[in-house]
Amino acid sequence: MHRHSGDYTIEYRDNMKGGTGRVRFEHIWKKNSNDEMKSLCRQFSRMTLEPGTSVGLHSHSGEEEIYYILSGRGRSWDNGEWIEVGPGDATICRAGEEHAMECIGPEPLVYIACVQVYP
């Protein structure tokens, strides 16, 4: 199965996980009732945070989430400290850990979010 740009499901979430602003999801692949993904990955999305927008501090249970930064500047909560991130950087939040992300630059922060469930 192939999916082309423009075929992605778009979703918006306001104040995501207690954060600020509106987060834009482009669900490239998503575990859903159509069962389009067969693996233990439940989400593979391109996320866009406008300047000043954030995803609030939250933890994962029984799964991990990887962020891969495509463009823009951000700050990521990583193991108890804020780390500045930019294009080419990656973070991982394992089960039981907490993370958050915010756009700190003058342009949108765009990254891939991949959530994988532990077997």
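Within the range 76-99, residues that are acidic (Asp, Glu) sit with their Cβ atoms under 6 Å from residues that are at pLDDT 95 or above, at 6+ positions apart or across chains, in these pairs: ASP78/THR91; GLU84/ARG75; ASP89/ILE69; GLU98/LEU57. For the range 33-48, the condition holds for no residue, the condition being that it is over 25 Å from GLY6 (Cα atoms), surrounded by 18 or more Cβ atoms within 10 Å (Cβ to Cβ), out of contact with any Cys (no Cβ under 6 Å at 6 or more places or on another chain) and touching a residue at least 40 places away in the same chain (Cβ under 8 Å). Scanning the range 89-107 for residues that are more than 20 Å from GLN43 (Cα to Cα) and surrounded by fewer than 19 Cβ atoms within 10 Å (Cβ to Cβ), we see that the one that is farthest from the chain's Cα centre (by Cα) is PRO106. What number goes with the only condition from (1) at pLDDT below 95; (2) crowded, with 19+ Cβ neighbours inside 10 Å that TRP29 does not pass? Every condition holds for TRP29 apart from (2).
Name the single residue, out of those in the range 63-88 being over 23 Å from GLN116 (Cβ atoms) and in contact with a Pro (Cβ under 9 Å, 6 or more places away or on another chain), that is surrounded by the fewest Cβ atoms within 10 Å (Cβ to Cβ). Explain how you work it out, then say what you get.
Keep residues of the range 63-88 that are over 23 Å from GLN116 (Cβ atoms), which gives 71-73, 75, 81-82, 84, 86.
After this cut, where a residue has to be in contact with a Pro (Cβ under 9 Å, 6 or more places away or on another chain) as well, the list is 71-73.
Values: SER71: 14, GLY72: 21, ARG73: 18.
For the range 63-88, the residue satisfying everything is SER71.
The values are calculated or read from the model by the stated rules, or taken from the named source; none is laboratory data. No experiment lies behind these values; they were computed from the predicted model shown. Because the Cβ atoms are built from the backbone with ideal geometry, glycine has one as well, and the counts that use them run over all protein chains shown.
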